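Notes follow the structure.
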Amino acid sequence: MLQGAFDKFYLNNHPDGKPPEIFVKGILLLYLGLLIQTLNNYLDGFNFSAILFIFVAVGFLIFVTGEGKKWARIILSVLILLNVFFLGSSLLYSFGILHDASSAKRNIEMPVYLIILTIAEIIFELWGWALMFTKQADWWFERKT
């Protein structure tokens, strides 16, 4: 079932040829990270306009990166690293590592479901980001378009 959906993914039917499978998996992981981020933002109480803007902007960058644009890969890399840094610091704050560790502040500041979603988002984003920079994926960014 998932293989059928994977085969219909636009990068598997790209007019310029088929990119490396590992790169396609990386792009799909980035889309999955974006969906988790959107859910996380919604559950965290973000404004709908902000959620929509982030979803469209990052979704566009993932799409353009999938098309093999180096500038988009660089911008997306910076955004992923910033996102991981801020999510990581948010988790550390939530566990009481980055603030006063007095007994009154030892309680976890973030609901457990948001912690789980945040950790999943970090894992998928870093995994997908790493797959964008594999040696097999480099030729996709070097081809003439």
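A few points about this structure:
- Ranked from largest, the principal axis spans of the Cα set of segment 21-132 equal 51, 28, 20 Å.
- In plain terms, the residue of SER94, SER89, SER49 with the fewest other Cβ atoms within 10 Å comes first and the most crowded comes last, giving SER49, SER89, SER94.
- Between VAL112 and ILE75, the contour length at 0.36 nm per residue exceeds the alpha carbon distance by 10.2 nm.
- Theoretical gain in end-to-end length, ARG143 to ALA130 [0.36 nm per residue, Cα-Cα removed]: 2.7 nm
Where a number appears in this text, it was derived from the coordinates with a stated rule and is not lab data. Just so we're clear, the structure is a prediction, and the values are computed from it rather than from any experiment. Virtual Cβ from ideal backbone geometry, glycine too; neighbours counted across all protein chains shown.
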